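A short write-up of the structure that comes next.
The values are calculated or read from the model by the stated rules, or taken from the named source; none is laboratory data. Fair warning: this is a prediction, and the values are worked out from it, not measured in the lab. Here the Cβ positions follow ideal geometry from the backbone for every residue, glycine too, while neighbour counts run over all protein chains shown. Heavy atoms of the whole protein, side chains included, go into the accessibility calculation; ligands, DNA and RNA do not. Shrake-Rupley method; radii C 1.70, N 1.55, O 1.52, S 1.80 Å.
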Amino acid sequence: MTGTATPGAGLAPARDARPIASGERVHVVGAAGAGASAAALHASWAGGAPDGCDPGGPSPYSAALEAAGIVLAWQHDAAHVTRKPPPDRLAVTKALTAIEPNHPELRAARAAGIPIEPWQQVIADAAVGRTLIGMAGTHGKSTSAGWLVHVLAAAGADPSAFVGALLATDETGGLAATARRGRGAAFVVEADEYAGNFDAYRPGVAVVSSAEWDHPDVFADRAAVIAAFDRWIRRMVAAGGGRVGSGPPVAILNVGDDGVAQLARGLRDWPGRIVAIALGDAAGRRAASIGHGMAEEYATGAGPATALLGRVVRLEPEATVFEIHGLDRLQGALNVRLS
C-alpha cells in the first residue's frame, strides 16, 4: 500500500442495519470491483438510486450494473459528490483509505458532511428483514458461499446473496455477477475478516470454515485473527434476523480446523448455539461417541453443541460421497426458516 492510514480510517463505524430508503442516493466508489458492484446492485434492488465510478474502466463485474441501468463514470471526480442533489452517502472499500487517504471524493464528502461507509454496510442494509447467513473463514469463502447459494437455490429457497466471485448466469437469472436477487428469506454474504470488513454483518447464522494467520498488515498473529472472529460472532442477532424466528443465533464451526476449535472453546459463555462440524474416519457407534464428546466440548450458554461428523465413503469421477452423522439433530438446532 502506498498510503500511511489504517484501512477503514475515517469511515463511519459499523452500525445496526437499516432499510435502504426509496430513492436513496448511494454513490459507490470503485463500483467495478467484485464487492462494490454487488453493493450497487443490492442498493438498486432494494429501491435505492445508486451510481458509481471506477477509473479502472469496465470489468467482469460492471456489465451487470450497466444492464441494471446503474450509471457508471470511469474516473474519480469530486464533482460526483458536490453535484446537486448530492449523494446521501458514499460506499467505498476500506482499503481506499489506506491507499489514498486524501482521495478527492472522500475529501469532498467529509467537507459536505456526507456519510462515508464501507460497501459492506450497503449490503447489510439491503438484507434487513431477511435471515442473514455469513460465510466466513480465512480461506475458501467465495467457494463455500457460492456452493451454499447453489444448494439453497436448488432446494427452492431462492436466496439473495453476495459472493466475492462471479455467480454463473444460471444462478443469477441474468448476467454473471457477484450478487443474486432472490425472494426467499435467506440472504447469504461472504464475510471477510480483513480489517473488520465483516463488522457490518450481524448474521443470525454464521459459518467459520478456518481461522489461520493471514493479512499480517492488520493481524499480528493467529490469536488476533481468532479474536476478530470471536468479536464478530458475539455481535450476532437472533436467528431469522427478527423476521423468521426468534431462536438464539447459530454458529456453524469447523472444529476440525485448530484455529476454529480454539474459537469455539472460547465461546462457552456465549448465549448462541454452536453446530460443531468435522471430517474424520470414524463410523457407526464410534462416530456417535465422538459426536457426544464434541457436543460437550463446544457447549455454550445455550447448551451442548450439535455435532456433525462427516466421513468420506468413496471418491467418484463426478462426486465425493459422504456419510454424515448427526443430521437428525440439525433442524432443531438451527430453528431457522430459509424459504
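Select, from Leu167, Leu175, the only residue that is buried (at least 19 other Cβ atoms within 10 Å of the Cβ) and either aliphatic (A, V, I, L, M) or touching a strand residue (DSSP E or B) at 6+ places or on another chain (Cβ under 8 Å) (or both).
Just a single option satisfies the conditions, and that option is Leu167.
From Phe187, Phe229, grab the single residue that is over 19 Å from Ala299 (Cα atoms) and open to solvent by less than 40 Å² (accessible area, probe 1.4 Å).
Phe187
Among Ala200, Ala195, which is on the phi > 0 side of the Ramachandran plot, crowded, with 19+ Cβ neighbours inside 10 Å and among the small types (Gly, Ala, Ser)?
Ala195
Considering only residues that are modelled with pLDDT of 95 or more and out of contact with any helix residue (DSSP H, G or I) (no Cβ under 6 Å at 6 or more places or on another chain), which ones fall in the stretch 112-129?
Ala112, Gly113, Ile114, Pro115, Glu117, Asp125, Ala127, Val128
Return the only residue of Ala36, Ala40, Ala31 being in contact with a Pro (Cβ under 7 Å, 6 or more places away or on another chain), outside any strand (DSSP E or B) and crowded, with 23+ Cβ neighbours inside 10 Å.
When all the criteria are applied, what remains is Ala40.
Being closer than 25 Å to Phe198 by Cβ, of a type in the set (Gly, Ala, Ser), touching a strand residue (DSSP E or B) at 6+ places or on another chain (Cβ under 8 Å) and modelled with pLDDT under 95 narrows it down to one of Gly52, Gly8, Gly48, Gly3, so name that one.
Gly8
If you check every pair at least six apart or on different chains, which have Cβ atoms under 6 Å apart with a residue in the stretch 39-63 that is without any contact (Cβ under 8 Å) to a residue 24 or more places away in the chain first and a residue that is in a loop (DSSP other than H, G, I, E, B) second?
Pro55/Gln75; Pro55/His76
Which condition does Ala68 not pass, out of (1) more than 13 Å from the chain's Cα centre (by Cα); (2) surrounded by 15 or more Cβ atoms within 10 Å (Cβ to Cβ); (3) farther than 14 Å from Ala39 by Cα, if it passes all the others?
(3)
Kindly indicate the residue of the stretch 43-63 that is hydrophobic (A, V, I, L, M, F, W, C) and surrounded by fewer than 23 Cβ atoms within 10 Å (Cβ to Cβ) and also nearest to Leu96 (Cα to Cα) among those meeting that condition.
So the residue we want is Cys53.
Among the residues of the stretch 299-309, what is the count of those that are touching a Pro at 6+ places or on another chain (Cβ under 8 Å) and open to solvent by less than 30 Å² (accessible area, probe 1.4 Å)?
The total comes to 1.
Go through the stretch 161-277 and tell me which strands (runs of 3 or more DSSP E), entirely inside it, have 2 or more residues that are among the β-branched types (Val, Ile, Thr) and in contact (Cβ under 8 Å) with a residue 24 or more places away in the chain.
Qualifying strands (runs of 3 or more DSSP E): 186-190, 205-208, 250-254.
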